[in-house]
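Please read the structure below before turning to the comments.
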Amino acid sequence: MYKKVLSLAIALSFSAGFASASDDPLRAQAKAVGLAPLPQTVEIPDNAITPEKVALGQMLFFEPRLSASQLISCNTCHNLGTGGDDNLPTSVGHGWQKGPRNAPTVLNAVFNKAQFWDGRAEDLKAQAKGPVQASVEMANKPEKVVATLKSMPEYVARFEAAFPGEEDPVTFDNMARAIEAFEATLLTPDAPFDRWLAGEDEALTADQKAGLKLFIQKGCTACHSGVNVGGQSYFPFGLVQKPDAKILPPEDKGRFKVTQSPADTYVFRAAPLRNVALTAPYFHSGQVWDLKEAVSIMGKAQLGMDLSEEEAGLIAQFLESLTGEQPQIRYPILPVETANTPRPAL
Ligand code: HEC
Ligand code: HEC
């Protein structure tokens, strides 16, 4: 029986050609450890994604008047032209203040189990209310945001279209819902790795395949797996060996601040690695600019391994294959202010 199956498999692999058959075992292994293709679209259970809501959410994402200064929009720190982040070590917000953490990308964020490095927001709509109010980010007040939006008739009409049947649709909550719907469209499918997973052997270079093998064999996939190659669970940063204080600043205790549990000291969400080649600098502290160096640090900190230069380089090349098709966004034209629009407060 076994012999028959084997000879059938060999016959099949001959007919499919050597090259394509040779990647199947690695592909099966990648799938077995939970690596998965990024879907083209996604649904949000409690927030229907309609064209009206997405269009409104896109305007709000680019709307600097959501901030007190009327100068800072979501796109300031999550620039959709540069991989959905700001390419700074830590973000700069209201009054040129430096925040404590690196901005993660908004691309594919919908697939993360929870939002922020410490997972303190359960989903994108809970998340979106944070930066608008955070004093080091947009420093605004919900009432002022609503007054600003209501002062411009085009926004009122667009909220009515996006939230049909609601008596008073221009609310802070609905702002967050519209932004969430837009963010759910910020997906980057068809990365070389996705095409390879789908059976296209030539989508990865030989070095990238070697890097993928190492990524699995060394144990990176224990924490970085699933559709987003991370973003699903929490681990101590420095599980085996603490990285130095520049990379893991002692004052940021990670999830401890969320749960108050001592076991969560220096625990962070395993970073999602989709598009990671576009989002340097790395780690919540944003102190490492080179992807290969970030890989070496992970080897030591999380696995207690000294990866060779060559191994770290191959893994970094594999990570580059996670860069997908970037969403093509048309910069929205925003409504002009009226006499009732609150004025900027710098
Ligand atoms: C001043 C810069 C700044 C602005 C403005 C800003 N963000 Fe962020 N954003 C950050 C930083 C920094 C973090 C990480 C903070 C943390 O983990 O504690 C973050 C985290 C996020 C995340 C979580 C991603 C993940 O993988 O966990 C999302 C989503 C997000 N922001 C969306 C938005 C939206 C929507 C807006 C506009 C309403 C916005 N941001 C405005 C800097 C900014
Ligand atoms: C025990 C779990 C664990 C293992 C194993 C692990 N990581 Fe991580 N990884 C994390 C966590 C947690 C973070 C977030 C660290 C922080 O707070 O900055 C992270 C962050 C990263 C980052 C930075 C991403 C960014 O956007 O800043 C890279 C790159 C990375 N890991 C690659 C790897 C590679 C490659 C391996 C295998 C050699 C690996 N990781 C093994 C948990 C793990």
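Since every read-out is calculated from the coordinates, none of them should be taken as a lab result. This structure is a prediction, so every number in the text was calculated from the model and none was measured. Neighbour counts run over all protein chains shown; Cβ positions are idealised from the backbone, glycine included.
Within the chain, the percentage of alpha carbon pairs spaced more than 39 angstrom apart rounds to 22%. Fewest-first ordering of Glu122, Glu137 by other beta carbons within 10 Å of each residue's beta carbon gives Glu122, Glu137. Antiparallel beta bridges, as assigned by DSSP with both residues in the chain, represent about 80 percent of the total such bridges. Listed here are the pairs Lys257/Lys300; Lys129/Lys218; Lys31/Lys53; Lys141/Lys246; Lys98/Lys144; Lys113/Lys292; which of them are more than 32 Å apart at the Cα? Violating the 32 Å Cα-Cα cut-off are Lys129/Lys218; Lys31/Lys53; Lys141/Lys246. Summarising the label geometry, the points placed 7 Å from Cα in the beta-carbon direction at Val33 and Asp290 lie 2.4 nm from one another. Amide H contacts under 5 Å for Tyr282: Gln287, Val288, Trp289, restricted to partners 5 or more places along the chain or on a different chain, H placed in the peptide plane at 1.01 Å from N.
Per-residue Karplus couplings for the stretch 285-298, computed as 6.51 cos²θ - 1.76 cosθ + 1.60 with θ equal to phi - 60°, are listed in order as 8, x, 9, 10, 8, 9, 4, 4, 5, 4, 5, 4, 4, 4 Hz, Gly and Pro entered as x. Counting every other Cβ atom within 10 Å of each residue's Cβ, Thr338, Thr82, Thr76 order from fewest to most as Thr338, Thr82, Thr76. The stretch between Asp24 and Glu122, if pulled fully straight at 0.36 nm per residue, gains 31.6 nm over its current Cα-Cα span.
Can you give me the long-range amide H partners of Ala121? Hydrogens built in the peptide plane at 1.01 Å from N, cutoff under 5 Å, separation of 5 or more residues or another chain. Correct list: Gln115. Evaluate Rg over Rh across the stretch 51-183, taking Cα atoms for both radii and Kirkwood's formula for Rh. Radius of gyration relative to Kirkwood radius: 0.95. Taking 0.36 nm per residue of sequence separation and removing the Cα-Cα distance, the Val336/Glu251 pair yields an extension gain of 26.3 nm. The modelled label-to-label distance for the pair Ala345/Ala206, using points 7 Å beyond Cα in the direction of Cβ, is 6.3 nm. Residue order for Lys150, Lys125, Lys246, fewest other beta carbons within 10 angstrom first, comes to Lys246, Lys150, Lys125.
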